[in-house]
Each structure stands twice: as C-alpha cells, then as structure tokens.
Amino acid sequence: MSATTRAETPRWWRQEDWLAVGVGVLLLVAVGWGYRPEMPSFKWAAAPDLGRLLGWGNLGAALGLGATMLLLAWPAVRLLGGGRWRFAAGFVVVFALAWLAQAIAGHARIHALGLEYVLFGLGLGLALNHAFRLPGWLREAVRTEFYIKTGLVLMGSTILIRELMQAGALGLVQGVGVVVVVWYVGFWLSRRLGVDDELGVMLASAVSICGVSAAIATCGAIQGDRKKLSYVTSLVLIVAVPMMVLMPWAVRTWNMPDLVAGAWLGGTLDTSGSVVAAGQLISEPAMKAGVIVKFSQNVLIGVAAFVLSIWWAMRPGAANGGQRPSVRVIWERFPKFVLGFVAASLVFSLWVEPETAQAMKPAISGLRNFWFALAFVCIGLETHFGDLVRMQGGRPALAFTGAQAFNVVWTLLLAWLLFGGVWFAVPDIR
C-alpha cells in the first residue's frame, strides 16, 4: 500500500465497518441489559385489520423504534462526514418506507406467497427514485452499507452453534453438502456464462446457502456493488414463488416420503418463509424436516462470509498490479463487520444462557429486520430499474436458474440418501 493510500485511510473510529459494529454491539448490550423495544405488528389479512395496523399503539411502537435507531445512527453518520439535520430529515422518509414495506409483506396472502419485505423495500425505493428527483437532504440518509452491516452484526447473535447441533446431524450433513457443491457449480456456471466474479459470488451464495440473507452477507464480505445485490435479491424472490407451488405438487405426484420431501424443500427453497409454507402443503413432519435443513444452511452464513472475505482479499489481481497483496493490504480490505458478526455468534453461543438468548431473540430479530429494510429502501433510492433489466445481458439470470436447476436435482439425491433410509435410519421427526 502506498503512502498516499495510507494517508487517505481514515482512522478506525471514522470507518464505516467499525461504526456499524459499534452500533450493533451497543444494541446487543442494551437488549442484554433488559432493553426490549416494543415491536410494531405487521400481520393483517383484511380491511378491518387496518385499524390495528394503523392504531396509535402500533404506530407509537414504530415511532419509538425509529427514534432509537436515529439516535444511534446520527453520531455514526456525523463521524463519516454526513450532515446533521439533513440526515435526520432523510432518515424519517427512509424509515417510513421501510415500515410500509414490512406492512405490505405482512398481508396474509403476500406472506403465504413467500414474498419478503426486502422486495417491497426495493420496489418502493425504485418507485420514488423514478417518480421524483431526490433532494439532497434525502440522499444524505441513503447509507445502504452502514444499515446492512449493522443488521448483519445483529444477525450474528441469532446464529447459535448449539441450536445447529440440536437440529440434527443429518440436517448438518445435507446443509454442508448442498452449500459446498452447489456454490461451486453456481460460481463455475457464472464464469462460463461470462458473469463477473463479484456478481457470480453473490449468485452462488444465494442459490447454495439461504437466498436473500446469504446474498446480503456475501455482498458485505466482498464489498460488492449494491445494484448487483438488488438484482440477486429480485431473482431469489421471483424464482422462489413458482418453486414453492411446483415442488409440493411434485412430492404428491411422486408419492415422496415426508422426510425426504421436507429435506428437499429445505435445501432448495431460498427463503425460510417459503420452506414453511411449502412444507405445510405436505405435512407437519415434512415442514419440520425442511426447517431443520434450512436452519443448518442458515448457520453456515457466518462461515461462508468469513471464508469469502479472506479469499476475496487474497485473490491475485485484486490490487497491487496483479501481485498477491501483503498482510497489511489484506487487513485493510477485510470487511471488519464480519468480525462483529462472528464475535456476536460466538458470544451468544458459548457464554449466553440458552434461556436468555431465546428471550432476547424477538427484539434482536425485529431490530435486524428494520436495519435490513432501511438498506433495501436505500438500494432502490440509488438504483435505476433499467440498470437491473440490462445487467450483463441476462446472463446472470441464466446462471442463477441453471444453478438452481442443479440444486433441485443434487439436493433431492442427498435428501433421499440421508432421510430416505438408504444410508441411515430414518430420524423420528414429529
């Protein structure tokens, strides 16, 4: 690294990664000390339910949560060189759109389709960006990476090693088998089709691990383009809907055993909601088997993000004129929020009592979802829809669907071998 580059690197306490880790840790400590923010409810099914959704109690909970997030984000943004009142004014709009995205996703029929708030957050941001010329004060609050990294630190505390072990060895074996093989095939296919490595890594992670969450973690780990992240997210959610309908139909047509069917669903459907919804169309044991396998893959997010961040930094040609970078350069490139993610997972897995962790989980999950919702609204606010449609001539979509097709076949084979009684006794999942 040149002297000029070192001089331009801000002190660690003015770097976005460390500030995101700081905000995430502050929230985790506060929740550990008893802070339980009242979370707004987004579940509704018909017009009469709107009274509860828009009632003062529910809106008051959202306003209180938004005020807390603003108070934490404000000093961080100031250290990053952002404006004071401009950021606060813009944050109010971004937060309102994030709330609206979750309210839309909370409708019973939309929830049944497996469509998540991230899609609606992206859509609302895109709509506003295309309808109006965004003022400077609103753009001041578009802090996508900061919101994503803060949410990922919080997410680390919900990935617990002991819960993975309780989920079952067979689920872990299938999870590892799917992630490793499907990731390689997805990345190889992306390269064969001429997709750039940055987008290819995000595509491969989304297909092989757990869809949107994996794509978010991977984008942060490799410091990827947010437009590419929004593209991958859209692909994940669009492809998940027909799969959620067709796979249970195939299970019934082929008279597939419940546990094999559930393991197949859990290893291929890219959102946890779609796994539950599709599993319920088959049976309770199928749904439970699907959740076990999906959870096993979810836990691998942290491992994958950590490995990818090191590999991405060490790639020849990433910097220094094609030479392998030094340890100092690797540390400079390494996304520090990954350390916060891993540390949160280890602390909550090894030192926090299971009952305490379970009691804290609703508050942490609610906070995490709001940070992610903010991030996807911001992606829409800084992206033009034409950029997504024209991205690399449709080759990434072809790579994604090809990798998903392989995933369907490979995961079915693993599910049959592991949960069909071919190699092991059929587990008792009721």
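The values are calculated or read from the model by the stated rules, or taken from the named source; none is laboratory data. Everything quoted here is computed from the prediction, not taken from an experiment. Don't worry about glycine lacking a Cβ; one is built from the backbone with ideal geometry, like all the others, and counts go over all protein chains shown. Just the protein is used for accessible areas: all its heavy atoms, side chains included, with ligands, DNA and RNA removed. Shrake-Rupley method; radii C 1.70, N 1.55, O 1.52, S 1.80 Å.
So for each of 254-267, 340-353 I average, over its residues, the number of other beta carbons within 10 Å; can you give me the resulting order with the highest mean first?
On the way: 254-267: 24.4, 340-353: 18.1.
Order by mean packing, descending: 254-267, 340-353.
Here segment 1-142 has 67 percent of its accessible surface on carbon and sulfur atoms, given a 1.4 Å probe and all protein chains in place.
Summing Lys, Arg as +1 and Asp, Glu as -1, what charge do residues with Cβ under 10 Å from the Cβ of PHE376 carry, PHE376 excluded?
Numbers: positive: ARG226; negative: GLU116.
Taking every other residue near PHE376 into account, the sum is 0.
Each Lys and Arg Cβ is given +1 and each Asp and Glu Cβ -1; about its Cα centre, the chain then shows a dipole of about 780 debye.
Report the convex hull volume per residue for segment 1-158, counting only C-alpha atoms, in Å³.
On the way: hull volume 25.4 nm³, N = 158.
It is 161 Å³ per residue.
With K and R counted +1 and D and E -1, the other residues having a Cβ less than 12 Å from that of VAL94 yield a net charge of 0.
Using a Debye calculation, one point per C-alpha and no hydration shell, please list log10 I(q)/I(0) for segment 97-246 at q = 0.14, 0.17, 0.21 Å⁻¹ in order. One equal scatterer on each Cα of segment 97-246 leads to -0.84, -1.20, -1.50.
For segment 47-62, backbone phi angles converted through the Karplus equation (6.51, -1.76, 1.60; θ = phi - 60°) give residue-by-residue couplings of 4, x, 6, 5, x, 6, 4, 9, x, 4, x, 6, 5, x, 5, 5 Hz, Gly and Pro being listed as x. Over all orientations, the chain has a Cα convex hull whose mean projected area works out to 21.9 square nanometres. Annotation: Cα Rg of segment 86-157 relative to the compact-globule expectation 2.2 N^0.38 Å equals 1.22.
Taking the Cβ-Cβ separation of GLU332 and VAL29 as r and a Förster radius of 30 Å, what is the calculated FRET efficiency to the nearest 0.05? All intermediate terms of the calculation are to be shown ahead of the outcome.
Numbers: r = 28 Å, r/R0 = 0.93.
After rounding, the FRET efficiency stands at 0.60.
Computed from backbone phi with θ = phi - 60° and the Karplus coefficients 6.51, -1.76 and 1.60, the 3J(HN,Hα) list for segment 12-25 is 4, 7, 10, 9, 4, 4, 5, 5, 5, 4, x, 5, x, 5 Hz; x is used for glycine and proline. Sorting the segments 190-197, 363-370 by their residues' average number of neighbouring beta-carbon atoms within 10 angstrom, most packed first, yields 363-370, 190-197. Judged by the mean number of other Cβ atoms found within 10 Å, the most tightly packed of the peptides 55-62, 71-78 leads the ranking 71-78, 55-62.
Kindly provide the helix-only [θ] at 222 nm of the chain, computed as the sum of -39,500 (n - 2.57) over DSSP H runs of four or more divided by all residues, to the nearest 500 deg cm²/dmol? If you can, show how the numbers build up before the last one.
Values: 22 runs with 318 residues, N = 430.
Calculated mean residue ellipticity at 222 nm is -24000 deg cm²/dmol.
Can you spot the lysines whose alpha carbon is less than 26 Å from LYS336's alpha carbon? Ignore those fewer than 8 places along the same chain. Qualifying lysines at Cα under 26 Å: LYS149, LYS227, LYS228, LYS361.
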